[in-house]
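Only one structure is covered here, and it is reproduced in the block below.
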Amino acid sequence: MEDEEIEEIKKYSDNKERMMEFVKKEGIALEFASDELKNDKELVMEAVKNDGGALEFASDSLKADKDILMSAVEVKGWVICYASDDLKDDKDVVLKAASSDGQVLYYASQRLRDDKDVVLAAVSNKAIILKYASHRLRADKDVAIAAIKQSKKSLSYIDDSLKDDEDIQNIINPPEST
């Protein structure tokens, strides 16, 4: 945003109708809303639908609102980093975020780092994030195969007990076809 645009937005920081117009164009305009409007669910929802990154500027109570989070992570999975601890432990939210951005496993609760569905979703699009999965799942063959299919670099994060597995070795070093 240009300086003139920011100054214009700041003039209306307490005006919900005008702020709604601004966040519909650029969600991150929420940054310049009053604290009261940063706690307005309708306004914040509109902002995060436009730009999930607007979640950064929402009130703490709305960062703990599952509806808001589900909309935000649909646009940008990584914004789960702004979520409340409770929502970082909510399987629906983390799974939705991990499906588009595996990096979110880093922000997930310990419990969800040991959830096979969540870890599979994450490593399927960001294999090296396997390093944040639980030790149990780093030794899970399905998880290891999903990660290695996405990137062979993830081999260093799978459990040693799987590194010589025939199926895994065939992915890493495919047999030559005759």
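No value in this document is a laboratory result; all are computed from the given coordinates. Remember, it's a predicted structure, so these values are computed and weren't measured experimentally. Glycine gets a Cβ as well: all are built from the backbone with ideal geometry, and neighbour counts include every protein chain shown.
Based on the alpha carbon coordinates of the chain, what radius of gyration and maximum Cα-Cα distance (Dmax) apply, in Å?
In Å, with Rg to one decimal and Dmax whole: 20.5, 72.
Any idea which of Leu55, Leu112, Val94 is furthest toward the positive side of the dipole for the chain, if Lys and Arg beta-carbons carry +1 and Asp and Glu beta-carbons -1?
With unit charges placed on the Cβ atoms, the residue in question is Leu112.
Summing Lys, Arg as +1 and Asp, Glu as -1, what charge do residues with Cβ under 10 Å from the Cβ of Ala144 carry, Ala144 excluded? Let's see the in-between values first.
Working: positive: Arg138, Lys141, Lys149, Lys163; negative: Asp140, Asp142, Asp159, Asp165, Asp167.
Local net charge: -1.
Need one number: convex hull volume per residue for segment 78-147, Cα atoms only, in Å³.
60
Starting from the Cα-Cα distance between Asp142 and Glu5, subtract it from 0.36 nm times their residue separation and give me the gain in nm to one decimal.
44.3 nm
Taking the Cα centre of the chain as the origin, how large is its charge dipole in debye, to the nearest 20, when only Lys and Arg (+1) and Asp and Glu (-1) carry charge on their Cβ atoms?
The dipole of the chain has a size of about 740 debye.
Pairs Lys41/Lys153; Lys88/Lys153; Lys96/Lys163: which are spaced more than 32 Å apart, C-alpha to C-alpha? Don't skip to the answer; put the middle values down first.
Numbers: Lys41/Lys153 42 Å; Lys88/Lys153 27 Å; Lys96/Lys163 30 Å.
Flagged as over cut-off: Lys41/Lys153.
Give the cross-link partners of Lys91 among the lysines, using a straight C-alpha distance below 21 Å as the criterion and excluding same-chain residues fewer than 8 apart.
Lys49, Lys63, Lys66, Lys76, Lys116, Lys126, Lys131
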